[in-house]
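The values are calculated or read from the model by the stated rules, or taken from the named source; none is laboratory data. Keep in mind that this is a model prediction, so the values were computed, not measured. Cβ placement follows ideal geometry from the backbone for every residue including glycine, while neighbour counts extend to all protein chains displayed. SASA here: full protein model, heavy atoms, side chains in, ligands and nucleic acids out. Shrake-Rupley method; radii C 1.70, N 1.55, O 1.52, S 1.80 Å.
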Amino acid sequence: MNCSISGEVPEDPVVSKKSGLLFEKRLIERHISDYGKCPITGEPLTADDIIPVKTGKIVKPRPVQAASIPGMLGMFQIEWDGLMLSNFALEQQLHTARQELSHALYQHDAACRVIARLKKERDEARGLLAQAERQIPMAATTAVGTTAVSNGKRVAEDEDMGPDGKKIRPGISLSVIETLTECNAGLSQQRKKRQIPATLAPVDAVARYTQLNSFPLHKTNKPGILSLDIHYAKDIIATGGVDSNAVVFDRPSGQIISTLSGHSKRVTSVKFAAEGELVVSGSADKTVRVWQSSENGNYDCRHVLKDHTAEVQAVTVHATNNYFVTASLDSTWCFYDLASGLCLTQVADASESEGYTSAAFHPDGLILGTGTSGSLVKIWDVKSQANVAKFDGHVGSVTAISFSENGYFLATAAHDGVKLWDLRKLKNFKTFAPYDENTPTQSVEFDHSGSYLALGGSDIRVYQVASVKAEWNSIKTFPDLSGTGKATCLKFGPDAAYIAVGSMDRNLRIFGLPGEDQMED
C-alpha cells in the first residue's frame, strides 16, 4: 500500500477516518496544518481524524533499474553524465568570472596610472606655484637702465641685445667703482693694524683636533656635499649638494634651519651674504639663486639668474656685501648687484676658451682670482675687468682658490696638488703635492686670520702658515672618514675653533678639540 500523497510506501502510515485513505504521517500532518483539509477529497480534516496503522518493518523495494547490472550501469552513467554537465557548467562560470576579474584588474590598473599621472601633474603645478611665489621679488629693484625684474628673472623681451647677439650690460658704474675703492681703502688700512686675535686656536690645540660630529644633511639617493660656507657671527653653515639642494645648518644646536630647494641639478657653490640674511647658490643647471631669510627661519628664493649658458662652478661675495661674482664653464664671469639681482657686466676672455672652475675675491675686494679648466689661474682688476696676471704650472682643472687674509698669498688647488703664489712678485714660492697622480686635490682654504692653511683630497691636511722662505709645517692630517676618498670642500670655523668638511657622502663632518661643550651626534 502506498501513500496517497507521495505514491511511495509510507514509513509511518496513518489512515483517514473520513475517507479511509492511507498517508505518510508527516506529510498529512504538514498538509493539515497548512490547509486543514484532505488533499485528495478536499473534505475538512483534523489531526484527530487520522489513525495510525500498526505494521511491521517496511523494506523499500528496489527500483526496477537497480534490479540488474545493466540497469545499475545505466544509473551510474546517468549520474556520471549529470556530474560532467555540472562540472562543465562550473568551469564555464569560472572562466567567465576570470574574464570579468581580468577586465576589472585592467581597469583598476589603468585608473591607478591615470591617478598617478594626475597626482604628478598636481604636485608639479603646486611646485611651480610655490616656486613662483618664492621668486616674487621681496624688495624693489634698483632702477639701473630699463631692465625689468620679474619673479627673480629679467624679462627677456625688455633686454637689449648687441649686434653680436649678446646681451648689453649696464656696466660697473662710477658710483659702484667708488664704493669698491672706498671699501678697499678701509680694509687695507685695517690690515696694517691687524693682529692675530687672542682667541685664535693655538697650534697645539689644532694638532689635537678630532672628529666631533657627523651630520647627515643631504639625501641618501644622491649623496655628496660639493661646497660649504660658514657665517662666523651666527655660527651657521650652508652646504650645497649633489641632490640639487642647499642646506642652512645651525652648528651649535645641530639642527637644520632650512633646506633650499629649487635647483634642478647639483649645487656647486654656496655663499652667505648680508650678515647671513642672504644665501647665494650656483648650480650645474646654469642658474644662480639668491635666497633671503624669512621671519619663520626659512630661506625663500628671491632671484633666479640665468645669465650663464653652462654650469655655474663658483660664487664669491664682495666684502661690501653688496655685490657678488659668479664663474661658469661658459668661459665668462658675471658681476652682480646683490639687492636687485642685476648683472652689471659679463666678462669673457677672448684669448682663452677654457671655462672657469673656481673664483674668489681678494680680501680687499678690487682683485678677483679665477681658476680655469685649462690649469690656468687668472687675476682680474675688478674696476676695469682687465686680466692683469696669469699663473700657470698646474695640471688639471683648478678646483679651488683661496686668498690669505694678509693679502699677499694665494693658494690654488688642482689635480697635481696645491700651489702658493706671492702676489707681490707674481710667482709660485711653494708647492704641496700630498697625493699620488691619480688623486686630485679638491679644496684649499686659509683660515680667517691667515694663520692656517687646510687642503682636502683623499684626506684633510692642516699646515701652519709661514713666510715665503720659511717652512710651512704640517700640523695635523685627518683621515677621510666618509670612505669615499674625496674631501670636496672645507672651511675653518670662527677663530679656527673647528674645521667643517664636506665629502662625497651626505654627511657634514666637524673636526675640533673635544671639550665640555662638545655636541653629541
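Of note:
- Computed over the range 213-318, the quotient of the alpha carbon radius of gyration and 2.2 N^0.38 Å is 0.98.
- Where labels lie 7 Å past Cα in the beta-carbon direction, separation of residue 48 and residue 6 in nm: 2.8 nm
- Given charges at Cβ of Lys, Arg, Asp, Glu: the range 312-424 dipole, positive-most of 345, 388, 398: 388
- Dimensions of the range 2-86 based on its C-alpha atoms, expressed as ranges along the principal axes with the largest first, amount to 47, 32, 17 Å.
- Computed lengthening from residue 222 to residue 33, 0.36 nm per intervening residue step minus Cα-Cα distance: 59.6 nm
- Shape analysis of the range 158-253 yields a ratio of the Cα radius of gyration to the Kirkwood radius, Rg/Rh, of 1.15.
- Share of carbon and sulfur in the accessible heavy-atom surface of the chain [1.4 Å probe, %]: 52 percent
- Cα lying deepest toward the dipole's positive end in the chain, options 336, 4, 129, charges on Cβ: 4
- Considering only 374, 272, 201, and ranking their Cα positions along the charge dipole of the chain that arises from unit charges at the beta-carbon of Lys, Arg, Asp and Glu, the one farthest toward the positive end is 374.
- Fraction of the pair-distance distribution of the range 292-425 above 22 Å, Cα-Cα pairs, percent: 36 percent
- Between the entries [x] 81, 33, 24; [y] 47, 32, 30; [z] 93, 29, 23, the label attached to semi-axes √(5λ) of the Cα gyration tensor in Å calculated for this structure is [z].
- Residue-level accessible surface for residue 306, protein heavy atoms, 1.4 Å, Å²: 110 Å²
- Rounded to the nearest 10 Å², the accessible area of residue 218 at probe 1.4 Å: 10 Å²
- Accessible surface calculations at 1.4 Å, restricted to protein heavy atoms, place the chain at 51 Å² per residue.
- Degrees, to the nearest 10: 174-192 long Cα axis against longest axis of the chain: 70 degrees
- Rounded to 10°, Cα long-axis angle of helix 25-35 versus longest principal axis of the chain: 80 degrees
- Largest accessible area first, the listed residues 31, 308 line up as 31, 308 when surface is computed with a 1.4 Å probe on the assembled protein chains.
- Contour excess over end-to-end distance, with Cα ends at residue 96 and residue 41 and 0.36 nm allotted per residue: 14.7 nm
- Whole-angstrom gap from the range 30-57 to the range 454-521, using each part's C-alpha centre: 110 Å
- Estimated at 0.36 nm per residue, the fully extended path between residue 426 and residue 194 surpasses their Cα-Cα distance by 81.2 nm.
- Degrees between helix 69-135 axis and first principal axis of the chain (Cα, 0 to 90, nearest 10): 30 degrees
- Area of residue 329 that stays accessible when all protein chains are in place (1.4 Å probe, Å², to 10): 70 Å²
- Per-residue packing, averaged as other Cβ atoms within 10 Å, sorts the ranges 235-247, 457-469 into the order 235-247, 457-469, beginning with the highest.
- Of the listed residues 79, 445, the order by accessible area with a 1.4 Å probe, largest first, is 79, 445.
- Distance between the modelled labels on residue 83 and residue 110, one decimal in nanometres: 4.3 nm (7 Å Cα→Cβ projection).
- Rg/Rh, computed from the Cα trace of the range 440-500 with Rh as the Kirkwood radius, has the value 0.98.
- Within the shell of other residues whose beta carbon sits under 11 angstrom from the beta carbon of residue 217, the net charge comes to +1, with Lys and Arg scored +1 and Asp and Glu -1.
- Taking the Cα centre of the range 303-381 as reference, the dipole from Cβ charges on Lys and Arg (+1) and Asp and Glu (-1) amounts to some 140 debye.
- Largest to smallest accessible area among 415, 303 [probe 1.4 Å]: 415, 303
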